[in-house]
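Single-structure report; data block below.
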Amino acid sequence: MKIALIGYGKMGKTIEQIALNRGHQIVSIVDINNPEEFQSDNFKSADVAIEFTTPATAFDNYMKSFAAGVPVVSGTTGWLDRIGEIKEKCAKEGKTFFYASNFSIGVNIFFALNKYLAKIMNNFPVYNVSMTETHHIHKLDAPSGTAITLAEGILENVDRKEHWTLETAEQPTDLPIHAIREGEVPGIHEVTYESDVDYISIKHDAKSRAGFALGAVVAAEFTAGKKGFLGMDDMLKF
Ligand SMILES: NC(=O)C1=CN([C@@H]2O[C@H](COP(=O)(O)OP(=O)(O)OC[C@H]3O[C@@H](n4cnc5c(N)ncnc54)[C@H](OP(=O)(O)O)[C@@H]3O)[C@@H](O)[C@H]2O)C=CC1
Ligand SMILES: O=C(O)C1=N[C@H](C(=O)O)C[C@H](O)C1
């Protein structure tokens, strides 16, 4: 498969290695310094573009990729206020877009476990729930996209919680997410239920970026030739 990379930072470089190992070709690399690459024949020849850039630049990259007729797989976080516009483009203009706040298979198993535990804990109001995410000091957004997905899984299932909040819970209905930035941590997410007498915690701790990158390449393989708005639930069968 012919892959274009948009963003050649920590994730772009890890994805390149995994894509080459899986027998794919990297036909184009767009980084912040060569935006004209979107109009190149090499970029337009890609079966799919994999986009990992920044919260501020991702949406514009999607538009440029769509204009070039190339489907997008993206993992960039912190831009989801505009996701409705992307879904509309997929539905009305036949564009193809795959999004995941976290491409790791392990994290997606963790998402399922989180929802299952939340359903149980809905019946035990003596437990209060909170979350912690820990990432490297270069991360631009907080809370992480993964933490927001986990929070949504809790809010859907625990009736006594209505909104997630960053750091402080002002109301009993708030679900606080603590965001820690430390060294070069690839990503740790922990959900904790606390009562007067005990704690119940579930945790995912990424050893490196390899799981995220492999998931993104597998998602690109899944996306090529498809239409519409896609996500991990379309690709994984639990
Ligand atoms: N969904 C998932 O599974 C995962 C998601 N992420 C998310 O992916 C994003 C990227 O992470 P990561 O690779 O670690 O970050 P990096 O900062 O290492 O890489 C981002 C790269 O994008 C480049 N860039 C900035 N603006 C543009 C632009 N307009 N066009 C093209 N390239 C641009 C940057 O260039 P320069 O440095 O020169 O500014 C940099 O090389 C983040 O939002 C992160 O949260 C990360 C891991 C997993
Ligand atoms: O910025 C990162 O590094 C990561 N970002 C994603 C997120 O915001 O959830 C996924 C992973 O945790 C690494």
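Want the number for ASP60 to GLU184: 0.36 nm per residue separation, take away the alpha-carbon distance, what's left?
Working: separation 124, 0.36 × 124 = 44.64 nm, distance 2.81 nm.
Result for the pair: 41.8 nm of gain on full extension.
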Practice problem: May I ask you to compute the full-extension gain from LEU166 to ASN123, defined as 0.36 nm times their residue separation minus their alpha-carbon distance, rounded to one decimal in nm? | Solution: 13.0 nm
Quiz prompt | Sites matching GluC sites (Glu not before Pro) across the range 126-228 that sit in DSSP coil, with at most 14 neighbouring C-beta atoms within 10 Å | solution = GLU156, GLU162, GLU167, GLU170, GLU182, GLU184
Self-check item: Neighbour-count order for ILE200, ILE32, fewest beta carbons within 10 angstrom listed first
Solution: ILE32, ILE200
Quiz prompt | Charge-dipole axis of the range 105-205 as Lys and Arg at +1 and Asp and Glu at -1 on Cβ define it, positive-most pick from PHE110, ALA151, HIS135 | solution = PHE110
Self-check item: Set of lysines near LYS115 by C-alpha distance (under 16 Å), chain-local residues within fewer than 8 positions excluded
Solution: LYS161, LYS203, LYS237
Quiz item: Put +1 on the Cβ of every Lys and Arg and -1 on every Asp and Glu Cβ in the range 1-98; which of MET1, SER28, ALA49 then has its Cα farthest towards the positive end of the dipole?
Solution: MET1
Quiz item: Where does the chain land at 222 nm, in deg cm²/dmol rounded to the nearest 500, when only DSSP H runs of n ≥ 4 count, each adding -39500 (n - 2.57), divided by all residues?
Solution: -10500 deg cm²/dmol
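In the chain, what % of DSSP beta bridges are antiparallel (nearest 5)?
Working: 14 of 41 bridges.
Expressed as a percentage, antiparallel bridges in the chain total about 35.
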Quiz item: Pairing the Cα long axis of helix 10-21 with the longest principal axis of the chain, what angle in degrees results, from 0 to 90 and rounded to the nearest 10?
Solution: 60
Practice problem: Quote the charge dipole size of the range 105-205 about the Cα centre in Debye, to the nearest 20; the model charges only the Cβ of Lys and Arg (+1) and of Asp and Glu (-1). | Solution: 280
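Any idea what the dipole of the chain comes to, in debye rounded to 20, about its Cα centre with Lys/Arg Cβ at +1 and Asp/Glu Cβ at -1?
Numbers: 23 positive and 31 negative charges, 179 e Å.
Value, rounded to 20: 860 debye.
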Practice problem: Grab the Cα-Cα distance for ILE32 and GLU88, subtract it from 0.36 nm times how many residues apart they are, and report the gain in nm with one decimal. | Solution: 17.5 nm
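Restricting to DSSP loop positions (anything but H, G, I, E, B) with no more than 10 other Cβ atoms inside 10 Å of their own Cβ, which trypsin sites (Lys or Arg not before Pro) remain in the range 185-238? Spell out each step's value before the answer.
Working: sites: LYS203, LYS207, ARG209, LYS226, LYS227, LYS237; in loops: LYS207, ARG209, LYS226, LYS227, LYS237.
Qualifying residues, ordered by number: LYS207, LYS237.
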Quiz item: Roughly how tilted is helix 145-155, in degrees to the nearest 10 and between 0 and 90, from the longest Cα axis of the chain?
Solution: 40
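With the radius of gyration and the Kirkwood radius both derived from the Cα set of the chain, what is their ratio Rg to Rh? Can you show the working numbers first?
Numbers: Rg = 18.7 Å, Rh = 18.7 Å.
Using only Cα positions, Rg/Rh for the chain is 1.00.
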Quiz item: So how far apart, in nm, are the two label points at ASP233 and ASP159 if each is 7 Å from Cα heading toward Cβ?
Solution: 2.2
Exercise. Using only alpha carbon pairs under 8 Å that are at least six residues apart, calculate the relative contact order of the chain and give it in whole percent.
Key: 22
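Determine Rg/Rh for the range 105-205; Rg is computed over alpha-carbon atoms and Rh is the Kirkwood hydrodynamic estimate from the same atoms.
On the way: Rg = 13.0 Å, Rh = 13.6 Å.
Result: Rg/Rh = 0.95.
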Quiz item: How far is helix 210-223 tilted, in degrees, relative to the longest principal axis of the Cα atoms in the chain, given as a value from 0 to 90 rounded to the nearest 10?
Solution: 60
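Just so you know, all these numbers are worked out from the coordinates, no wet-lab data involved. In this text the structure is predicted, and so the values were computed from the model without any measurement. Neighbour counts run over all protein chains shown; Cβ positions are idealised from the backbone, glycine included.
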